[in-house]
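Notes to accompany the following structure.
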Amino acid sequence: MNKTPPSAAAESRELIAFRVGQQEFCINVMTVREIRGWSAATALPHAPRYVRGVINLRGAVLPIIDLAIRLGLPSSEITARNVIVVVQIAHQQIGLLVDAVSDILTTSDANIQPAPDVTSDLVKTFVRGLLPVDGRMISLISLEHVLPTGELEAA
């Protein structure tokens, strides 16, 4: 009897969904190291506008990226309700400032729709695809592009 291996599209993956402003985004749960409450960041001189600063995370310096600003969305006022999603990008840990973590989703690659052709190349740089969930559209973010290559190495 010949058994065909399941295709890559049939493999399920877990994503963590979060809100930034009025929009929902998700990332691969395997890149997430922890989720922590907001703590004030120390500003860095001449840092890009989307870099909120750095915090001390158990003796390590963790850069905090305001995901709203990085994605070109309006920045909201930071409150105690904001959270930092600590993610691993290549060999670097960074903190993503988001409004709230909303869900853990289990899906397959077959359910992820490509970004429409009417979007700009910049949108396609950040958004790997769109996931329809319960009447909502959740953008799957490509973390590799959150920090430009040179800044990722310098961070």
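Bear in mind these aren't lab numbers, they're just calculated from the coordinates by the rules spelled out. Since this is a predicted model, take the numbers as computed values, not measurements.
A few notes on this one:
- Contour excess over end-to-end distance, with Cα ends at SER142 and ASN56 and 0.36 nm allotted per residue: 28.4 nm
- Convex hull per residue volume in Å³, alpha carbons only, for the range 15-154: 122
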